[in-house]
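In what follows, a single structure is set out as structure tokens and then discussed.
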Amino acid sequence: MAPTCLRPLLRYRSFAILFLTPLLLLPLPLAVSTREARCAYIVIIMAVYWCTEVIPLAVTSLIPVVFFPLLGVQTAKKVCFQYLNNTNMLFLGGLIVAISVEQWNLHRRIALRVLLILGVKPALLMLGFMAVTAFLSMWISNTATTAMMVPIVQAVLDQIDSTEYDVNMMEQATGQTNAVIELEEKSTSESTAVHVVSNEQAPDDARSSEEQKMKKRICKGMTLCVCYAASIGGTATLTGTGPNVVLKGQMNQLYPNNNDIVNFASWFGFAFPNMIVMLVLAWLWLQCSFMGLKNPGFVKGWAARLFSGGDKYITDSVPAMFVALLLFVLPAHKPKFIAWNQSVSDPKQTEEDIKKPFLSTSLLDWDVVQRKMPWSIVLLLGGGFALADASANSGLSAWLGHQMTPLGSIPPWAIATVVSLIIAVFTECTSNVATATLFLPVFSSLATSIKIHPLYVMVPATLSASFAFMLPVATPPNAIVFSYGHLRVLDMVRTGIVMNLIGVCCITLAINTWGRPVFGLDTFPAWANSTANQ
């Protein structure tokens, strides 16, 4: 709580940050009249605005369009080009597919099918919820996945609680024990005594305080597993979460001759096994906390085989947009064929059928897309790309990377671990996308300065940006889960610290084992060397 004398000042917090930040930083471009200083001036302002969210993130992302040209950092034409490039089209296609999944309730069908297979035991229920959430989060935004799954989890918990309560009432009325439904299997050796209540004696409490505490812990674990699984699942695919797309865009921007090393297949081959390991460890940790317990290689894809020079002209955005287009073409229902023979029993019905179009409405219509499309994310990515491009061209990223060259004295695996820890801490206080956008250009310059593969530090930084496990405000999935009232901040902090450590350990393992052949991390690539020398 702030002191009483300072509370009136909190009303003006947003106003002060918004207007005083540019004024207090103004000596930087005035005293140091270089492009690097002017670029740093805008970068710091955007970083403050992104971290404090005094204005919407998407609005902050539009700052480069105005101020980079005004300050002579970059031309307006070059800045505007960053806002809807090939990577943005890839992300746009993924968002349209996600909207169609939500529109037709495919997520609910998957969730209910998994629950029917696994049953109602808490451990298996949690595993089922985490698996479904992680799978959906690979294709849908983490926030949307959490918002869709938490009500399902809450409904299942309420139903189990209600069913058990009814069973207890029946047992008390009849004096018989009904063990059809169990909420938990206890691993202790103590036998549970069954108390039969006589007709004259009313029960003091249908459920003991110990059982109440256990149910409360189960509710905490069940809801917390959803936001964790959403954050973990989003890392598995290139379009699963914002930081992954930022990495893809900045790799293409900072290293235009990188031979498309970060594509959907290579990222999936690296990140999907890491997601599985993290998901299993997270499940085990949540169980303990709340319930008592040849490396991949890639061949050329369909584009290179079906089309001459396809691997040069066709990128991941093409199939993503192709699937998105199909959703506006494919009918939602089977076409209805009408017999040519008019001698039918119901001529009025036949006349109505003839008037109907052969194809029904499509799976998706543009009004739904306009209503549900998070356009702010597209602008946010564009702002990040513009910031990265200006930082590279002005020399700011190279200067910051040069300041970090003392890290070159420690082994590369240790550098990756340190980078992961830094980002994991920083992303608890800022947007995941903003964190990746701010740090990836700096780590890129660091890698080229000490002559290690850029992805050796950029990939751990990207994955760690999604590990916002500790605070309700760290990421929207955490806030959604926290709003249901089962969790305290201390619960999230205590569990999230271990989750962050699990994430950093998994990244260190992945980047130093199967990550090496997937991305060729053992050598410093020529495309990185040539870019650094330009």
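The values are calculated or read from the model by the stated rules, or taken from the named source; none is laboratory data. Everything numeric in this text was worked out from a predicted model, so none of it was measured. Reconstructed Cβ throughout: ideal geometry from the backbone, glycine too, with neighbour counts over all protein chains shown. SASA here: full protein model, heavy atoms, side chains in, ligands and nucleic acids out. Shrake-Rupley method; radii C 1.70, N 1.55, O 1.52, S 1.80 Å.
Shape index of segment 377-475: Rg/Rh, with Rg the Cα radius of gyration and Rh the Kirkwood radius from the inverse mean 1/r over Cα pairs, equals 0.98.
Surface calculation, 1.4 Å probe, protein heavy atoms: residue 102 sits at approximately 70 Å² accessible.
Residues whose amide H lies under 5 Å from that of residue 524, counting only those 5 or more places away or on a different chain, are absent; hydrogens are built 1.01 Å from N in the peptide plane. Sequentially through segment 231-239, phi angles give Karplus couplings (6.51, -1.76, 1.60; θ = phi - 60°) of 5, 5, x, x, 6, 6, 10, 5, 9 Hz, Gly and Pro residues having no value and appearing as x.
Computed from label points 7 Å out along Cα-Cβ, the spacing between residue 34 and residue 497 is 4.2 nm. In loop segments of segment 434-534 as defined by DSSP, the trypsin sites (Lys or Arg not before Pro) with at most 14 further C-beta atoms inside 10 Å of their C-beta are 451, 488.
Among the listed pairs 77/372; 248/372; 121/220; 121/216, a Cα-Cα separation exceeding 20 Å is found for 77/372; 248/372. Taking 0.36 nm per residue of separation and subtracting the current Cα-Cα distance, fully stretching the chain between residue 17 and residue 284 would add 91.9 nm.
The label-point distance for residue 70 and residue 522, in a model that sets each label 7 Å from Cα toward Cβ, rounds to 5.2 nm. Phi angles of segment 451-466 translate, via the Karplus equation with coefficients 6.51, -1.76, 1.60 and θ = phi - 60°, into HN-Hα couplings of 6, 10, 4, x, 5, 4, 10, 6, 5, x, 5, 5, 5, 5, 5, 8 Hz per residue; Gly and Pro are given as x.
Summarising the label geometry, the points placed 7 Å from Cα in the beta-carbon direction at residue 78 and residue 116 lie 5.8 nm from one another.
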